[in-house]
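Colleague: Here's a structure for you.
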Amino acid sequence: MGRGDDTVTVEFVSREGIVEVYVEDHDSATPIPAHDLKGAWLSVSGPGRAAQQAKLVPAGENRLTASGLSPRVGDRLSARLIMPNGMETWSVVTFRDTRR
């Protein structure tokens, strides 16, 4: 999970070549409708290999997805979001495997 700023909370989930991004209002925990975002992109970068980039597409209530990415433990995932009001925010996390 990452915070873009004090207004947005972003959760990253990766499974089987698809990265899902969930977006909600930080203060109220209200989902921000994915189709209301004016733009969304995701990049994955790690040591010793070229950065991967993809456009995030709406895939449900507050869920966006990008396919064809293969994050590895320790990679940086960075989501760039343009909110419905035009404000741009970034959220960056270090990818880790939480399956235990």
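Read-outs throughout are calculated quantities, based only on the coordinates presented, and are distinct from any laboratory measurement. Keep in mind that this is a model prediction, so the values were computed, not measured. Here the Cβ is made from the backbone with ideal geometry for all residues, glycine too, and neighbour counts use every protein chain on show.
Colleague: Only sites in a loop by DSSP and with at most 11 other Cβ atoms within 10 Å count here; which chymotrypsin sites (Phe, Trp or Tyr not before Pro) in the range 1-62 make the cut? Kindly include the intermediate steps, with their values, before the conclusion.
Modeller: Values: sites: F12, Y22, W41; in loops: none.
Passing both the DSSP loop test and the Cβ count: no residue.
Colleague: Considering Cα pairs under 8 angstrom that are at least six residues apart, work out the relative contact order of the chain and quote it in whole percent.
Modeller: On the way: 226 pairs, mean separation 27.3, N = 100.
Relative contact order, the chain: 27 percent.
Colleague: So which trypsin sites (Lys or Arg not before Pro) in the range 6-86 end up in coil per DSSP with only 16 or fewer other C-beta atoms within 10 Å? Intermediate results must be reported in sequence, preceding the final value.
Modeller: On the way: sites: R15, K38, R49, K55, R63, R72, R76, R80; in loops: K38, R72.
Sparse-neighbourhood loop trypsin sites (Lys or Arg not before Pro): K38, R72.
Colleague: Write out the GluC sites (Glu not before Pro) in the range 1-93 meeting two conditions: DSSP loop, and at most 10 other Cβ atoms within 10 Å of their Cβ. Mind dumping the intermediate values first?
Modeller: Numbers: sites: E11, E16, E20, E24, E61, E88; in loops: E16, E61.
Of the GluC sites (Glu not before Pro), the ones in loops of the range 1-93 whose Cβ has at most 10 other Cβ atoms within 10 Å are E16.
Colleague: Return the Rg/Rh ratio of the range 36-95 with Cα-based radii and a Kirkwood Rh.
Modeller: On the way: Rg = 12.0 Å, Rh = 12.1 Å.
Here Rg/Rh amounts to 0.99.
Colleague: Please state the charge dipole magnitude for the range 34-100, taken about the Cα centre, from unit charges on C-beta atoms (+1 on K and R, -1 on D and E), reported in debye and rounded to the nearest 20. Display every interim value, and only then the final one.
Modeller: Values: 10 positive and 5 negative charges, 61 e Å.
It comes to approximately 300 debye.
Colleague: Answer with a single label: of [x] 32, 31, 27; [y] 37, 26, 22; [z] 32, 27, 23, which was calculated as Cα extents along the principal axes in Å from the structure in view?
Modeller: Checked against the structure: label [y].
Colleague: Karplus couplings for the range 79-95 from phi (6.51 cos²θ - 1.76 cosθ + 1.60, θ = phi - 60°), rounded to Hz, Gly and Pro as x?
Modeller: 10, 10, 10, 10, 6, x, 7, x, 5, 9, 9, 10, 10, 10, 9, 9, 6
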